[in-house]
Amino acid sequence: MQVIVLSDHTGDMVQQLGGQRAARDRADAAAHALALSRRQERKDALDREIRQALTRFRPLALLAALGGRLGMALKSPPPPPAAAAVNDQEQIWTSGHNGELLVRHRLAAQLDDDWTLLTGYENRQGEIDQILIGSNGVFAIEIKYVNGIIHAEGDRWWLDKFDQYGNLVAQGRVIADGRRRGPSLQLNEAADLLEKFLVGRVAIDRIYRAVIFSHPSAAIARIERPTVDFISAGDNLQAASLLACAGPVGIDAANASRIVALVKRDHDFHAAHKRKPKARSSSNQS
């Protein structure tokens, strides 16, 4: 399977947040080094005062300097700072990034180079984590790395979570993005716009949609009125099952390559307009 990275928002966020944590570590280390340096300077100054007091026979000054040195000896130097902990935000982004990589690796292990996986496609409706293109059709994939028992009714998704002893620790926890969209709605809004762009330009009549929960401990409990074609959970993602939801569409290599090029072009179009929000733009591409 060939992989084309259009963008890597999750990876970029992981790198950015990790960089911020590393910067905090460097700042803490610099502050610690400064504290040690000032402590040494104070010690050296007191040692000089002791020598001068002895040389000039100044008992009071000697007692004051010796008292200062004793106080320093009794007070431990500042301990080295602990490394900054990974905060919740970084953990969430790292989990999302790892979840996307898991799906990529599982698909790559099962599909040959006749298939192309594009990652990080984005249009004005949002991002599609992965788009798989090959002889069976075009598949838009939304990936969630959450641990729990998954439920859904239409576009409303939630999970129940149990601890290692089987005790229920969270019930009815909503699965949604920052715009309060469940995984299927989040996927379908972006996929609908891409589908509108592709249909008529290439020989396909639709984009198939898949929601994959890639955490090894995720499981599906109940799905009612699904609005996507394929749902999977856990570490047993089967590419054949994903492709079976489309049937033998029969896209040849030339048409598949054209679809890949069009998806890249559409992503670049939206990326350019996202960078220039005030620029006048047309809603249609030629």
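Identify, from the list Gln40, Gln89, the residue that is among the polar types (S, T, N, Q) and touching a residue at least 60 places away in the same chain (Cβ under 8 Å).
Sole residue among the options that is among the polar types (S, T, N, Q) and touching a residue at least 60 places away in the same chain (Cβ under 8 Å): Gln89.
Pairs only if they're at least six apart or on different chains, beta carbon under 6 angstrom, first in the stretch 3-27 and open to solvent by 40 Å² or more (accessible area, probe 1.4 Å), second modelled with pLDDT under 85 and in a loop (DSSP other than H, G, I, E, B); list them, first residue then second.
From the stretch 3-27, the pairs are Arg21/Ala84; Arg24/Ala84; Asp25/Ala84.
Residues of the stretch 141-197 being part of a loop (DSSP other than H, G, I, E, B), among the small types (Gly, Ala, Ser) and under 23 Å from the mean Cα position of the chain (by Cα), which ones? Before the answer, list the steps.
Applying the first criterion (part of a loop (DSSP other than H, G, I, E, B)) to the stretch 141-197 yields 145-148, 154-155, 163-167, 175-182.
Then drop every residue that is not among the small types (Gly, Ala, Ser), which leaves 148, 154, 166, 176, 178, 182.
Those that are part of a loop (DSSP other than H, G, I, E, B), among the small types (Gly, Ala, Ser) and under 23 Å from the mean Cα position of the chain (by Cα): Gly148, Ala176, Gly178, Gly182.
With the structure loaded, tell me whether Asp163 is at negative phi and surrounded by fewer than 19 Cβ atoms within 10 Å (Cβ to Cβ) or whether it fails that test. First the steps, then the outcome.
Details: at negative phi: yes; surrounded by fewer than 19 Cβ atoms within 10 Å (Cβ to Cβ): yes.
So Asp163 passes the test.
Before we move on, is Thr116 of a type in the set (Val, Ile, Thr) and more than 17 Å from the chain's Cα centre (by Cα)? So that I can check it myself, show each step before the final result.
Numbers: of a type in the set (Val, Ile, Thr): yes; more than 17 Å from the chain's Cα centre (by Cα): yes.
So Thr116 fits the description; yes.
Tally up the residues in the stretch 115-160 that are closer than 18 Å to Ser241 by Cβ and open to solvent by 40 Å² or more (accessible area, probe 1.4 Å), please.
Residues flagged as closer than 18 Å to Ser241 by Cβ and open to solvent by 40 Å² or more (accessible area, probe 1.4 Å) within the stretch 115-160 amount to 1.
Please work out which residue is nearest to Tyr208 (Cα to Cα), limiting yourself to the stretch 84-114 and to residues that are open to solvent by 40 Å² or more (accessible area, probe 1.4 Å) and of a type in the set (A, V, I, L, M).
Ala108
Looking only at residues that are in a loop (DSSP other than H, G, I, E, B) and hydroxyl-bearing (Ser, Thr, Tyr) in the stretch 198-236, which one is least open to solvent (accessible area, probe 1.4 Å)?
Here the residue is Ser214.
The values are calculated or read from the model by the stated rules, or taken from the named source; none is laboratory data. What you see is a predicted model, and the numbers here were worked out from it, not measured in a lab. All Cβ positions, even for glycine, are placed from backbone atoms using ideal geometry, and neighbour counts span all protein chains on display. These area figures cover heavy atoms from the full protein model, side chains too; ligands, DNA and RNA do not enter into them. Shrake-Rupley method; radii C 1.70, N 1.55, O 1.52, S 1.80 Å.
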